[in-house]
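Notes to accompany the following structure.
The values are calculated or read from the model by the stated rules, or taken from the named source; none is laboratory data. Model, not experiment: these values are computed from the prediction. Please note: Cβ atoms are built from the backbone with ideal geometry, for glycine as well, and neighbour counts cover all protein chains shown.
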Amino acid sequence: MSAGRPRIACLGAGRMGRGIAVAFAYAGHAVTLVDVKARPDERFGLLKTEAVKEISNTLASLSRFGLLAEADVEAIVARVSVVPAAEMSAALAGAVMVFEGVPEVVELKREVLAAASKCAGAEAVIASTTSTILVDDLSGAVEHPERFLNVHWLNPAYLIPLVEISPGKATDPAITTQMKALLEGIGKVPVVCAASPGFIVPRIQALAMNEAARMVEEGVASAEDIDKAVRYGFGFRYAVLGLLEFIDWGGGDILYYASRYLEGALGSDRYRAPEVISKNMRDGRIGLRTGAGFLDYSGLDVEAYRERRLSDLVSLLRHVGLARPPVLDRD
């Protein structure tokens, strides 16, 4: 483990803290999980044993998946320590990055963040991993709120590359940059979003999940067939093309007219295209065929770009054994 890698602390030794610990320990960081709830020694001992066992089992699974050698598991687990609430001050004193991962209760998070910010050094960056609470609803509890921001990991935190960073009104832009660099250093793909309910992924995800449930409710298709449609149609395309890139690929005008039809046919304004779609059409930003849409394609070799994206799709299909050529009738 490199002495230059910053020490990480996680407030809370539950599922999120353990996942973050695996991600950082795997990359060579020392990680301390702080149990924020005062409890008898025996109860803490059980929690510690459970946390270390889960981390060890997770790493063993990653070994079976070929992501690390079995012989390395023990050394990685040794980078993680679990300490009781009484040792919070000592644990946070040497931490460069502190991630809060307690249950989604505003009052509890504010209480834990307030206590932690008093213990951590003034230069330590403090982040909440909340998936629902806005950063500015929590920052007031933190001493030196310019070093505070939300950092939303997607479960399982040790596997999913994406991490959503949401700075608040008081967050120093240099802290956002520092957090991005730290996450990129452990192989994550950070994105920055405004302090808005649902961040990026949960907001899109909620719409998609509710619509899937609604289609079951309406008898449109079985749960099994809807999930099959998502896995083999929706999922593959959006693993290669982002949602907005996909709009540009087909053309924003297609989305506009499809949305109008669905809104009328299904009698719901949840299908209505946002004003930005109409504005892009008025401005001639239709997508690939006009050289601009949500993204800028000016100066791009469009045919080469299409070829790369299709190649990526074929590679993904081949990986799961679905890159089957059509059966030719030779009679």
**Report entry** Matching residues in region 213-241 - criterion: being assigned to a helix (DSSP H, G or I) and closer than 23 Å to I277 by Cβ
**Finding:** R214, G233, F234, R237, Y238, V240
**Report entry** Residue list for region 172-206, restricted to those being touching a residue at least 40 places away in the same chain (Cβ under 8 Å) and loosely packed, with under 12 Cβ neighbours inside 10 Å
**Finding:** G187, S196, P197
**Report entry** Test: residue in region 7-17 that is assigned to a loop (DSSP other than H, G, I, E, B) and closer than 16 Å to G94 by Cβ
**Finding:** yes
Requested in this report: Collect the residues in region 242-290 that are within 25 Å of V220 (Cβ to Cβ), of a type outside the set (S, T, Y) and assigned to a loop (DSSP other than H, G, I, E, B), keeping them in residue-number order.
Outcome: G267, R272, A273, P274
**Report entry** Residue that is surrounded by the fewest Cβ atoms within 10 Å (Cβ to Cβ), among those in region 140-156 that are in a loop (DSSP other than H, G, I, E, B) and in contact with a strand residue (DSSP E or B) (Cβ under 8 Å, 6 or more places away or on another chain)
**Finding:** L154
Query raised in the report: What number of residues within region 87-102 are surrounded by fewer than 17 Cβ atoms within 10 Å (Cβ to Cβ) and in contact (Cβ under 8 Å) with a residue 24 or more places away in the chain?
Result: 4
Report summary line: Within region 8-40, residues of a type in the set (D, E, K, R), modelled with pLDDT of 95 or more and either more than 20 Å from T130 (Cα to Cα) or under 22 Å from the mean Cα position of the chain (by Cα) (or both) come out as R18
Query - Selection within region 198-256 - of a type in the set (D, E) and within 30 Å of R289 (Cβ to Cβ) - result: E211, E245, D248, D253
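Per-residue answers, yes or no, for (1) assigned by TED's automatic domain parsing to the domain that holds S166; (2) modelled with pLDDT of 95 or more; (3) more than 16 Å from the chain's Cα centre (by Cα); (4) closer than 21 Å to V320 by Cβ:
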site: L182; (1), (2), (3), (4): yes, yes, no, no
site: M209; (1), (2), (3), (4): no, yes, yes, no
site: E217; (1), (2), (3), (4): no, yes, yes, no
site: V220; (1), (2), (3), (4): no, yes, yes, no
site: I226; (1), (2), (3), (4): no, yes, yes, yes
site: Y232; (1), (2), (3), (4): no, no, yes, yes
site: A239; (1), (2), (3), (4): no, no, no, yes
Query raised in the report: Just wondering, is there one or more residues in region 120-139 that are in contact (Cβ under 8 Å) with a residue 24 or more places away in the chain, in a helix (DSSP H, G or I), buried (at least 19 other Cβ atoms within 10 Å of the Cβ) and not assigned by TED's automatic domain parsing to the domain that holds Q205?
Result: yes
